[in-house]
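Peer 1: Pasting a structure below so you can have a look.
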Amino acid sequence: MSFPWAKEYTPTNGVAKFLDEKLPLPRLVYNAVGAGYPVPRNLSYFWNFGVLAGFFLVLQIVTGVVLAMHYAANAQVAFATTEHIMRDVNWGWLMRYAHANGASFFFIVVYLHIFRGFYYSSYKAPREMIWLLGVTIFLLMMATAFMGYVLPWGQMSFWGAKVITGLFGAIPLVGEPIQVWLLGGYAPDNAALNRFFSLHFLLPFVIAGCVILHIWALHIPGSSNPTGVEIKSESDTLPFHPYYTVKDGFGLGVALLFFMTMVFFLPNALGHPDNYIEANPLSTPAHIVPEWYFWPFYAILRAFTADFLFIPAKLMGVLAMFAAILVWFILPWLDKSPVRSGHYRPLFRKFFWFGLIPAMIVLFICGGAPAEEPYVMLSQIATAYYFLHFLVILPIVSQVEQPEPLPYSITEAVLGSDKKAVLGENATPAV
Amino acid sequence: MADTAATAIPDTAGPETAGETGDGVRRRDFLDIAAVSAAGIGGLAVLYPLISQMAPSKDVLAASTTEVDVSAIQPGQAIKAVFRKQPLFVRRLTPAEVEAANATPAGTLRDPQSLAERTKEGHEDMLVTMGVCTHLGCVPLGAAEGEVKGEFGGYFCPCHGSHYDTAGRIRKGPAPTNLEVPEYEFTSDTVIRVG
């Protein structure tokens, strides 16, 4: 959908007219990321990360397709072909480092994108479906990243595969058969490596499909904005092009500066040296941790050290880890406050900055630390707060909180006054 | 593209002349062109490694010379070696074959070359060619014992019927040029290094 004042696409020459009749692709682009898409005029740089996530998805697919031209998913040679890429293939080192660091940057921008969603409650009506698709994309990303990390067949690859498939071994009764089925064996080997490669190649395209749905769903209500007040009139909006193509382009330039610094100067800083040792099923590395982007969830997994009621600790940890993400699926219905932006929600803001964010940071640090005190206790406290925040605090806060007064419109928030508000025209409640 | 803004949103964008320099050039147009050019050049620069990665890798290039010991080849015999993953024919011609090749006037051939041009000085009886038909890349017959040598006593390609003579020159059939003589040199009287 679009707003009534959205500019309409008008094909100017014969070719454009022909295309517009037979396959209106230029019209689609014009209405999606061109001048035909009116966007709130007050978007901050926090609204850059969706485009950046899209960029890194494309980067991962391009570099990944290149790497797949030179890699062989066979336990005998996988490690050697990875080194072949690094040493023999023209620019292979660049492709591999860009792909490995690209995964990290994909997660960085997606985490910031999710953070934006949390603070500004982008998940609230009418944007629930965008949020649900986003959480689905995040889950797919985690699966894809995990399987990609197995492919170089180093020590961390092998033991990561063993530990993560071991999670499924925690399922009562059928756990072990499921784990054996997932691996196609009793430990990670050729069968597991091959299916991980196949799925690692497939899932990014599934993600791309979900991204298209995500954007489609976004274009129905249009983008949210830092005030959380919906668009009321044309003066609240700017055409996406050139205003936000330029703003996103600038953001992309900044992101690429950070990305290229990592690729060229610190290419292994986010990896583990142990993964340059070939997989050895007979020896586990002393300190085994997943990639940094899994740390908070890994900490939740390890926070459960004692059996809880009749549930064994192992199963409890697995359930909690999955629940930590699945709880996001019901977030639009947990947070019932009609005000979207955290900017106008004093109580929400306190729990957000002094509760959720510190808990996430503690979980992040503990997930990367060895499984010993004080990290275990800290992650237990943080895990408890994490679930308390979503399941108890958010619903209560949204009931008892007295929000601060909202601006009448985006225009008023930006300019200090809105002629229509003064005239009483279009006088709907400012939500 | 920038001037669409001023008409759409009168209360933010300045007048059309905002940022205009004395000679009527708008700064925004300059920034526009500079930014898009930089992005375009950057995009082209990214294409280079993406294309280059498909070229032969260093390990393939490192295996691109082959040494062949030719001492055991008797007159009238040929051996097949492998050069860059393709067959290489090394053949010691009999005096009669050398004579037959020299008796053919080079000027009348499809790809005019004399035997001397296709061999090394002092080794006119040693014919080193690729075993790859210049038509569509099949391996011609005639190098191994008992194979058909074609109407001109050299090589015969069974795929589409190209006949090569004792100097490996195309004489009949669809192939456009003579069998390729790769770059090679005698490192001693009995050893050649190809590539």
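Peer 1: State yes or no: is A:ALA269 closer than 23 Å to A:LEU94 by Cα, assigned to a loop (DSSP other than H, G, I, E, B) and not assigned by TED's automatic domain parsing to the domain that holds A:PRO338?
Peer 2: Yes; evaluated as a whole, the condition is true for this residue.
Peer 1: Need a quick list: helices (runs of 4 or more DSSP H) entirely within segment B:1-78 having at least 2 residues that are more than 9 Å from chain A (Cβ to nearest Cβ) and at pLDDT 90 or above.
Peer 2: Of the helices (runs of 4 or more DSSP H) lying wholly inside segment B:1-78, those with at least 2 residues that are more than 9 Å from chain A (Cβ to nearest Cβ) and at pLDDT 90 or above span B:27-52.
Peer 1: Here's something else I'd like to know. Taking segment A:335-359 only, how many residues are charged (D, E, K, R) and surrounded by fewer than 15 Cβ atoms within 10 Å (Cβ to Cβ)?
Peer 2: Going residue by residue through segment A:335-359, those that are charged (D, E, K, R) are A:335-336, A:340, A:345, A:349-350.
If we keep only those that are surrounded by fewer than 15 Cβ atoms within 10 Å (Cβ to Cβ) too, we end up with A:336, A:350.
Within segment A:335-359, residues that are charged (D, E, K, R) and surrounded by fewer than 15 Cβ atoms within 10 Å (Cβ to Cβ) number 2.
Peer 1: Quick check on A:VAL263: is it within 14 Å of chain B (Cβ to nearest Cβ), crowded, with 18+ Cβ neighbours inside 10 Å, part of a helix (DSSP H, G or I) and in contact (Cβ under 8 Å) with a residue 24 or more places away in the chain?
Peer 2: Taking the combined requirement at face value, the residue satisfies it.
Peer 1: Taking segment A:34-63, which residues are within 14 Å of chain B (Cβ to nearest Cβ) and surrounded by fewer than 18 Cβ atoms within 10 Å (Cβ to Cβ)?
Peer 2: A:VAL58, A:ILE61, A:VAL62, listed by residue number.
Peer 1: Where in segment A:1-104 are the helices (runs of 4 or more DSSP H), entirely inside, with at least 2 residues that are within 25 Å of the chain's Cα centre (by Cα)?
Peer 2: A:25-33, A:49-68
Peer 1: Any residue at all in segment B:91-98 that's acidic (Asp, Glu) and either part of a loop (DSSP other than H, G, I, E, B) or closer than 21 Å to B:ASP69 by Cα (or both)?
Peer 2: Looking for residues that are acidic (Asp, Glu) and either part of a loop (DSSP other than H, G, I, E, B) or closer than 21 Å to B:ASP69 by Cα (or both), one finds none in segment B:91-98, hence no.
Peer 1: If the requirement is being surrounded by fewer than 16 Cβ atoms within 10 Å (Cβ to Cβ) and under 25 Å from the mean Cα position of the chain (by Cα), which of these qualifies: A:PRO312, A:PRO395, A:PRO296, A:PRO332?
Peer 2: A:PRO395
Peer 1: Every residue in segment A:230-260 that is in contact with a strand residue (DSSP E or B) (Cβ under 9 Å, 6 or more places away or on another chain), at the interface with chain B (Cβ under 9 Å from one of its Cβ atoms) and either β-branched (Val, Ile, Thr) or assigned to a loop (DSSP other than H, G, I, E, B) (or both), please.
Peer 2: Selection gives A:THR237 alone.
Peer 1: Among the candidates B:GLN86, B:GLN113, which residue alone is touching a helix residue (DSSP H, G or I) at 6+ places or on another chain (Cβ under 7 Å), within 15 Å of B:GLU180 (Cβ to Cβ) and not hydroxyl-bearing (Ser, Thr, Tyr)?
Peer 2: Numbers: B:GLN86 fails: touching a helix residue (DSSP H, G or I) at 6+ places or on another chain (Cβ under 7 Å).
Being touching a helix residue (DSSP H, G or I) at 6+ places or on another chain (Cβ under 7 Å), within 15 Å of B:GLU180 (Cβ to Cβ) and not hydroxyl-bearing (Ser, Thr, Tyr) holds for just one of B:GLN86, B:GLN113, which is B:GLN113.
Peer 1: Would it be correct to say that A:GLY209 is closer than 24 Å to A:VAL150 by Cβ, more than 14 Å from every other protein chain (Cβ to nearest Cβ) and of a type outside the set (Asp, Glu)? It would help to see each step written out before you state the result.
Peer 2: Details: closer than 24 Å to A:VAL150 by Cβ: yes; more than 14 Å from every other protein chain (Cβ to nearest Cβ): yes; of a type outside the set (Asp, Glu): yes.
When the stated conditions are applied, A:GLY209 passes them.
Peer 1: Out of A:VAL110, A:VAL135, A:VAL163, which single residue is more than 30 Å from A:ILE215 (Cβ to Cβ) and either in contact (Cβ under 8 Å) with a residue 60 or more places away in the chain or surrounded by fewer than 22 Cβ atoms within 10 Å (Cβ to Cβ) (or both)?
Peer 2: One residue alone meets the criteria, A:VAL163.
Peer 1: Return the only residue of A:LYS7, A:LYS22, A:LYS17 being more than 30 Å from A:LEU256 (Cα to Cα), in contact (Cβ under 8 Å) with a residue 40 or more places away in the chain and charged (D, E, K, R).
Peer 2: A:LYS7
Peer 1: Among residues belonging to segment A:120-132 that are assigned to a helix (DSSP H, G or I) and surrounded by fewer than 21 Cβ atoms within 10 Å (Cβ to Cβ), point out the one that is farthest from the other protein chains (Cβ to nearest Cβ).
Peer 2: Across segment A:120-132, the extreme among qualifying residues is A:LEU132.
The values are calculated or read from the model by the stated rules, or taken from the named source; none is laboratory data. Values in this document were obtained by computation on a predicted structure and should not be read as measured data. For neighbour counting, all protein chains shown are included, and Cβ atoms are generated from backbone atoms with ideal geometry for every residue, glycine included.
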